Amino acid sequence: MTARDSDPDELPSQYAPAEVEARRYQHWEKAGYFAPEAQENPDAPSFSMVLPPPNVTGQLHIGHALDHTLSDALIRRRRMQGYRTLWLPGMDHAGIATQNVVERELAKDGLSRHDLGREAFVERVWEWKAEFGGRILNQMRRLGDSVDWSRERFTMDEGLSRAVQTIFKRLFDDDLIYRADRIINWCPRCLTALSDIEVDHSDDEGELVSIRYGDGANAIVVATTRAETMLGDTAVAVHPDDERYSHLVGTTVELPLTGRTIPIVADAHVDPAFGTGAVKVTPAHDPNDFEIGRRHDLPGMSIMDERGVITAGGPFQGLDRFEARPAVVAALREEGRIVKETRPYVHAVGHCSRCSTTVEPRQSLQWYVRVAPLAQAAGDAVRDGRVTLSPPEMNARYFGWVDDMHDWCISRQLWWGHRIPIFYGPNGQVRCVGPDETPPEGWTQDPDVLDTWFSSGLWPFSTLGWPDDRADLRDFYPTSVLVTGYDILFFWVARMMMFGLYANNDKAPQDAVPFRNVVLHGLVRDQFGKKMSKSRGNTVDPIDWIERFGADATRFTLARGSNPGSDTAVSEDWAAGSRNFCNKLWNATRFALMNGAVPPRARLGGDLSVPDRWILSRLASVIAEVDGLLERFEFGKACDVLYHFAWDELCDWYLELAKVPLASGDAAVADRTRGVLGFVLDQTLRLLHPVMPFVTDELWCALTGEDSVMMAAWPTYSFADPVAEAEVGSVMRLVTELRRFRSDQGLRPGQRVPARLAGIAATPLAGHEESIRSLLRLTSPEGDGFAASAALTVEGVTVELDLAQAVDLAAERARLDKDLTAARKDVGAMTAKLANPAFTDKAPAAVVAKSRERLAAAEADIARLEARLMTLG
């Protein structure tokens, strides 16, 4: 179908997103538009992104929806600009989360993973993944993600597993992976080490207990919230400059309940102003204590097993840690060792993000990455500009992390994940086995798997075929942009930087980085700026919004609220407003089609009217402004510009101004206006398409008769007419003021009123009188019966209105008198209130300010009402 064949009857009278979105998406996917091969020019520049891989157990939440909306907007715009674009999707195997899900399913049948054995359990997880995993992928389709599904990857697929094994061996051979006995986060329920990002901290109520160690002059008091860990104390520490304890440094003190003596050491880590200024040191159960222990060569004494059960000999052996805590306090109290008990004592406590179990710091033998050289390279890539963070204010936070990064614990005590490729021989030999090597016969593989962040750290290049020399790797690495939340700048972005630079060090430095730009957005919050949580009842399910308001409205609400590095506020009212915006575009396109407006095949020209030149000039300015904002990743500002141009200037003003020439009966004039309207609407739909893909595609195809706007060229239009902009601006100001004046006179919006436009012939508005009368519903004064009863001068034109037949003057005066009496009463009450020092001196400042605002508003009402009464005579 050609552009001239489009039929307005193809568009229903109202937009129904549910009837459009699935059909449009299926068409895009079937046509292959998401793949880079859709770009017919093989020499076109490439633009690539990788989707931050959601967990295989996950479903689309509002944070995903924001992230995906911004990414999709970038890729759709570049596709329209002629790039060979690749947005590569995939999922993360989510070791702990997925294993927990499958273990819960087994528990329903009274089974554990140990009943199945490792191999059978892993097979069961793969079966679960095939049947239930990846729910989020269909939800991504509903949102409109234009990812290349033909290249979808999974962190446990064969190719990515090969990449993991390859880089592990390289790091191991370069002495950048080692095994050590150190303190880690441990989940006694999941029975594995945790990364910092897998630990959620919350303020919990506990008890702070002060305990006296020793007796007499050598006694020293320490405070703790975990009394049970004292069973593993191997020292007491004080600050080197704390004169209160200088005489005790180097001596020993008896540890209550144990019969052991422990040293008193001086360490700068201790804060003399906190508590008593003395702290117990339990190296095997506290990360800070572990470091103190290393500095002073203190032994690490583990007093719990992997499930948090006390193993130290004595009366507490066999108790759970939370049972042991009050039992230890009771025993100390019986010995007279309790100096003070503070309860409730609120303090930050870490919990496993998967099962909410309280995390236990635990000394354990684990595998680590030696990060110093990798982190240095990751920092240098940002310092020298090879990678740009947006906004640049994030640089300081990034450097703060990478310049002080601790070695990374990469081993997890799970069965689901990438098995560590280390094998142990019968005589204690250790060998790392690469992907193309066979382990020695009879050797035993390490039972642990790798931290999920290890494999996801390879994502920008493993998904493109690394370590093999693949066309995708040559064409699309480094990727162009990564869009992600600032909350994982360290946990994921920094690790991708480290691995990308290390794995691709055979490339030129500028081509070894995993991405050129990192766009960091914030959290999605409610309209009051509060963090979303189930307990507050302010969470938003994006699928619910899609079903109620449509995917485009959901996306536009998120994008319009987004600014680089800042949190995004959203509300249901704003989503409803975005839905109204979709309807506004729908109605505007229906109007254009019903009036025969289609984009012209040739360049616009001829004797264009002032309104035509104005809207074209404004369009060119908007294109330039939006381009600049999107290049700087300022999505919110770009959406705001497009919203006001499309709604205010195009729909509210130009469509109204176009009605006069379209109804003029002059075919040439009407055709020029149809061409301009079709062109501007075409370009506007293209500009909006990256953020609002469904409604714009449906409307653009109806308008042009073409297949899809997503394959249309991005607008590049140059036109400037400041004279026309000034002239139409004058019309807009006059009409706006007169509409307000009409309302003040009690006139209904559509009510026609006789009026004289005195002096208009001497102004630049002379050629717009017909349009002004049409916009303001003003009829021409007829005969001698016209008698001006109200007037207003704007833009050099005095508009005189005859209200005699349009308004019941007596009733209007009575209404105004009533309102005036009420306003004067309000002024009197507020004046008296504000004159009373008992109120102004004692009431909250906000309450006083509110009263002042109310007084000012009432005084303004009096002035307005009195002026209106004067016009009525």
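The values are calculated or read from the model by the stated rules, or taken from the named source; none is laboratory data. Just so you know, these numbers come straight off a predicted model, no measurement behind them. So basically every Cβ, Gly included, is an ideal-geometry build from the backbone, and we count neighbours across all protein chains shown. Just so you know, the surface numbers come from the protein's heavy atoms only, side chains and all, with ligands and any DNA or RNA stripped out. Shrake-Rupley method; radii C 1.70, N 1.55, O 1.52, S 1.80 Å.
For the stretch 63-187, give the percent of accessible area contributed by carbon and sulfur heavy atoms, probe 1.4 Å, rounded to a whole number.
On the way: 2090 of 4720 Å².
Carbon plus sulfur share of accessible area: 44 percent.
Any idea what the dipole of the stretch 739-843 comes to, in debye rounded to 20, about its Cα centre with Lys/Arg Cβ at +1 and Asp/Glu Cβ at -1?
Details: 15 positive and 14 negative charges, 110 e Å.
Dipole size: approximately 520 debye.
Near Gly522, within a Cβ-to-Cβ distance under 15 Å, what is the net charge of the other residues, with Lys and Arg +1 and Asp and Glu -1?
-1
Apply the a/c threshold of 1.5 to the C-alpha gyration tensor of the stretch 731-775 and tell me whether it is rounded, prolate or oblate. All intermediate terms of the calculation are to be shown ahead of the outcome.
Details: a/c = 2.06, a/b = 1.85, b/c = 1.12.
Prolate, because a/c is 1.5 or more and a/b exceeds b/c.
Run the quick spin-label model on Lys534 and Glu441: label points 7 Å from Cα toward the beta carbon, then report their separation in nm to one decimal.
In this crude label model, Lys534 to Glu441 measures out at 5.4 nm.
In nanometres, what is the gap between the two model label sites at Asn395 and Val199, each 7 Å from Cα along Cα-to-Cβ?
Placing both labels 7 Å beyond Cα along the Cβ direction yields 3.1 nm.
Between Phe322 and Asp487, what's the calculated FRET efficiency when r is the beta-carbon distance and R0 is 41 Å? Round to 0.05.
Numbers: r = 30 Å, r/R0 = 0.74.
According to the calculation, E is roughly 0.85.
Would you kindly state how much longer the chain becomes between Met870 and His406 on full extension, computed as 0.36 nm times their sequence separation minus their alpha carbon distance, in nm to one decimal?
Numbers: separation 464, 0.36 × 464 = 167.04 nm, distance 7.81 nm.
Length gained between Met870 and His406: 159.2 nm.
How many angstrom lie between the Cα centre of the stretch 379-405 and the Cα centre of the stretch 202-235?
41
To the nearest 0.05, how large is the calculated FRET efficiency for Asp666 and Glu40 if R₀ is 51 Å and r is the Cβ-Cβ distance? Could you put the intermediate results ahead of the total?
On the way: r = 42 Å, r/R0 = 0.82.
About 0.75, to the nearest 0.05.
So what's the back-of-envelope 222 nm ellipticity for the chain, counting only DSSP H runs of four-plus at -39500 (n - 2.57) apiece and dividing by all residues, rounded to 500? Write down the numbers at each step before the final one.
Numbers: 29 runs with 368 residues, N = 873.
That comes out to -13500 deg cm²/dmol.
Rounded to the nearest percent, how much of the accessible area of the stretch 772-836 (1.4 Å probe, protein heavy atoms only) is carbon and sulfur? Please report the intermediate quantities before stating the final value.
Numbers: 1770 of 3510 Å².
Summing carbon and sulfur atoms, their accessible area is 50 percent of the total for the stretch 772-836.
What is the distance, in nm, between label points placed 7 Å from the Cα along the Cα-to-Cβ direction at Asn218 and at Ala804?
Result for the modelled spin labels: 11.4 nm.
What full-extension length gain, to one decimal in nm, is calculated for Glu10 and Asp175 as 0.36 nm per residue of separation minus the Cα-Cα distance?
On the way: separation 165, 0.36 × 165 = 59.40 nm, distance 6.70 nm.
Length gained between Glu10 and Asp175: 52.7 nm.
Tell me the net charge near Lys108. Cut-off is 14 Å between Cβ atoms, Lys108 excluded, with +1 for each Lys or Arg and -1 for each Asp or Glu.
-1
Find the accessible area per residue for the stretch 602-724; the probe is 1.4 Å, ligands and nucleic acids are left out, and the unit is Å².
Here the residues of the stretch 602-724 average 33 Å² of exposed surface.
Can you tally the net charge around Thr793? Count Lys and Arg as +1, Asp and Glu as -1, for every other residue whose Cβ sits under 11 Å from the Cβ of Thr793.
Details: positive: none; negative: Glu737, Glu795, Glu800.
Counting the neighbours of Thr793, the net charge comes to -3.
Give me the accessible area per residue for the stretch 374-484, probe 1.4 Å, as a whole number in Å². Walk me through the numbers before you get to the answer.
Values: 4430 Å² over 111 residues.
On a per-residue basis, 40 Å².
How much length, in nm to one decimal, is gained on full extension between Val430 and Leu191, taken as 0.36 nm per residue of separation minus their Cα-Cα distance? Let's see the in-between values first.
Details: separation 239, 0.36 × 239 = 86.04 nm, distance 2.47 nm.
Extra length available between Val430 and Leu191 comes to 83.6 nm.
In terms of the Cα gyration tensor, with a ≥ b ≥ c the square roots of its eigenvalues, is the chain rounded because a/c is under 1.5, prolate because a/b exceeds b/c, or oblate?
Details: a/c = 2.97, a/b = 1.66, b/c = 1.79.
Verdict is oblate for the chain.
Keeping all protein chains in the complex and leaving out DNA, RNA and ligands, what accessible area do you get for Ser771 with a 1.4 Å probe, in Å² to the nearest 10?
20
Using a Förster distance of 45 Å, how high is the FRET efficiency between Arg307 and Asn505, based on the Cβ-Cβ distance and rounded to 0.05? Mind dumping the intermediate values first?
Details: r = 43 Å, r/R0 = 0.96.
E(calc), rounded to 0.05, equals 0.55.
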